[in-house]
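Below: the structure, in structure tokens.
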Amino acid sequence: MPDQHEKAEADITSHDKNPLEIVHELLKDSVDDLKLDENIYHILKKPIRMLEVSIPVRMDNGDIHNYTGYRSQHLDIFGPTKGGIRFHPDVNTDEVKALSIWMSLKSAILNLPLGGGKGGVIVDPAELSDRELEELSRTYIRKLTPVIGPQKDIPAPDVNTNPRVMGWMMDEYDQLRGYNIPGMLTGKPLILGGSEGRLAATGRGVMLMVREAAKVLDMDLSQSTVALQGFGNVGSMTAKYLHELDVNVIGITDASGGITNENGIDIPELLDFLAEGNSLADYDKAEPLTNEELFKLPVDIFIPAAMENQITKDTAPHIQAKIVAEAANGPTTPEGNKILEEKDVFIIPDILCNAGGVTVSYFEWVQNEMNFYWKEEAINEKLEERMVEGFNNVLDMRNKENIRMRKAAYMVGVKHIVKALKARGWIKGEDLSQ
Ligand code: NAD
């Protein structure tokens, strides 16, 4: 049996840049630009806790395959740590740590009483049977049980995990604890205490951020076109809500291939087609499209909603969009970012753009703790309020300092965290609470 851990360590070298190095550079720059104590960078660059677990699974053929999983808990000064669980062959320690730091920054920008966490298992779930996947999910959460919980660290879905996986994980945790604890994770099925609006929250948030960016650029969205990479939870919901705003999605790719229609893809029809178990590449009311071609489409808005390191020194030169909305985490390498900035593209950075997921996860946790549930309209209203406020705080920082949105988002997040570090006495110096 190949060692999945070795595979992941080897895979990372094929990426343009290690995501942890990227986030470290951006954190360091923010601390310097805010003229803060350098020690703040040294505190923020590492998670407070990083756990590696072995996950032996009895495969259907009788063999035992011992998978490797991780959980990174970055910062707990505001409340429990919180963040998704990713099942993917490229999961590795640096990626999980970087993703947990991004989660801390997202919560800080949106003023949520949470810190960042993230988990991952090195596995390709497409290769597992349903039974094997359930055993993997249950065993992983069992191994995390000592360090998670509604007041400690609260997992959620991420790439290749969904409400079904969350349902298994919650059940396993409850069996071990001996009672029902719905607030131990979010993104659960509604029947188990999930929140209305959670499944769609990240995509809805991306739509809201595109809408706000269009206002800044004075763009008419009903005359605008979109290219979208990734059509999973985030990508499909983003497309759905943009379509409702009359935006024309003209190109989509996912791991199976891609489609394009210059007159616009009928998103509700495509969603029905996929719900019947078909794959994107089989949709025949559009022309085939490769990932490479997606970057070259003449669109107003480009949305990466798949994995890290997609907008690079090789792909960024082809992007013609005025807005890049980073629905995925870490989709742009520093070299790719530089090229987009030279072209004066308005980038909505990941730590703002996709924060709708953690925001409604926060609402789900609040509802679980109260054991009192809100209607979807109330959730969507609260989501919009938080996200627009976060967008405006970042925009104000951008305008005040005459910097780009990404740097502004980091500075807003770091500043918020530093106020709490000072209030706790970890850092001495000027009071930032005003
Ligand atoms: P998902 O597993 O539901 O979907 C991932 C999508 O990416 C799939 O459509 C897959 O086919 C596609 N994909 C994978 N490799 C690809 C490639 N090489 N080219 C084109 N498409 C490819 O995952 P998701 O939950 O939608 O997450 C997508 C991104 O959004 C990730 O970066 C994740 O961390 C981020 N994110 C997710 C949430 C959430 O609530 N799920 C919240 C914030 C951020």
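Per-residue HN-Hα couplings for the stretch 99-108, Karplus 6.51 cos²θ - 1.76 cosθ + 1.60 at θ = phi - 60°, whole Hz, x for Gly and Pro?
Running phi through 6.51 cos²θ - 1.76 cosθ + 1.60 with θ = phi - 60° gives 4, 6, 5, 4, 5, 4, 5, 4, 4, 5 Hz.
What distance in nm separates the simple spin-label points at TRP426 and LYS45, each placed 7 Å from Cα in the Cβ direction?
Result for the modelled spin labels: 1.6 nm.
Using θ = phi - 60° and the Karplus curve 6.51 cos²θ - 1.76 cosθ + 1.60, what whole-Hz ³J(HN,Hα) does each residue of the stretch 182-193 get, with Gly and Pro shown as x?
Each residue's phi maps through the Karplus curve to give x, x, 6, 8, 10, x, 6, x, 3, 5, 9, x Hz.
Tell me, what is the Rg over Rh of the stretch 348-404, with Rh the Kirkwood radius over Cα pairs?
Expressed as Rg/Rh, it is 1.11.
If you look at just the Cα atoms of the chain, how large are its Rg and its Dmax in Å?
When restricted to Cα atoms, the chain yields Rg and Dmax of 20.7, 63 Å.
For LYS313, list the aspartates and glutamates whose Cα falls under 16 Å from its own Cα; do not include residues on the same chain fewer than 8 positions away.
ASP16, GLU292, GLU293, GLU335, GLU341, GLU342, ASP344
Measuring from label point to label point, each 7 Å out along Cα→Cβ, what is the GLU287 to GLU127 span in nm?
Here the answer is 3.6 nm between the modelled labels.
Under 5 Å between amide hydrogens, which residues at least 5 positions from GLY258 or on another chain qualify, with H placed 1.01 Å from N in the peptide plane?
Amide H neighbours of GLY258: LEU289.
Within the set of other residues whose C-beta is less than 11 Å from the C-beta of ILE250, count the net charge using Lys and Arg as +1 and Asp and Glu as -1.
Result for the neighbourhood of ILE250: -3.
Compute the separation of the alpha-carbon centres of the stretch 255-298 and the stretch 111-174 and state it in Å as a whole number.
Distance between centres, Cα-based: 30 Å.
Taking the Cα-to-Cβ direction at LEU271 and at GLN320 and moving 7 Å from each Cα, how far apart do the two end points lie in nm?
Placing both labels 7 Å beyond Cα along the Cβ direction yields 2.9 nm.
If you restrict to DSSP beta bridges whose two residues both lie in the chain, what percentage is antiparallel, to the nearest 5?
If we restrict to bridges inside the chain, about 45 percent are antiparallel.
DSSP beta bridges in the stretch 37-163, what fraction antiparallel, as a percent rounded to 5?
Roughly 60 percent of the beta bridges in the stretch 37-163 run antiparallel, per DSSP.
How far, in nm, would the chain grow between GLU25 and ASP60 when pulled straight, counting 0.36 nm per residue and subtracting the alpha carbon separation?
8.1 nm
If we count every other residue with Cβ under 13 angstrom of VAL31's Cβ, Lys/Arg +1 and Asp/Glu -1, where does the sum land?
Every neighbour counted, the sum reads -1.
Would you mind telling me which residue in GLY115, GLY62, GLY251 has the biggest mean-square fluctuation in a Gaussian network model of the chain, where springs connect alpha carbons within a distance under 10 angstrom?
Maximum fluctuation in the GNM of the chain, among the listed residues, is at GLY62.
Counting Lys and Arg as +1 and Asp and Glu as -1, what is the net charge of the other residues whose Cβ lies under 14 Å from the Cβ of GLU262?
Taking every Cβ under 14 Å from that of GLU262, the sum is -2.
Just so you know, all these numbers are worked out from the coordinates, no wet-lab data involved. Every value quoted in this text rests on a predicted model; they were computed, and no experiment measured them. Positions of Cβ are backbone-derived with ideal geometry, glycine not excepted, and every protein chain shown enters the neighbour counts.
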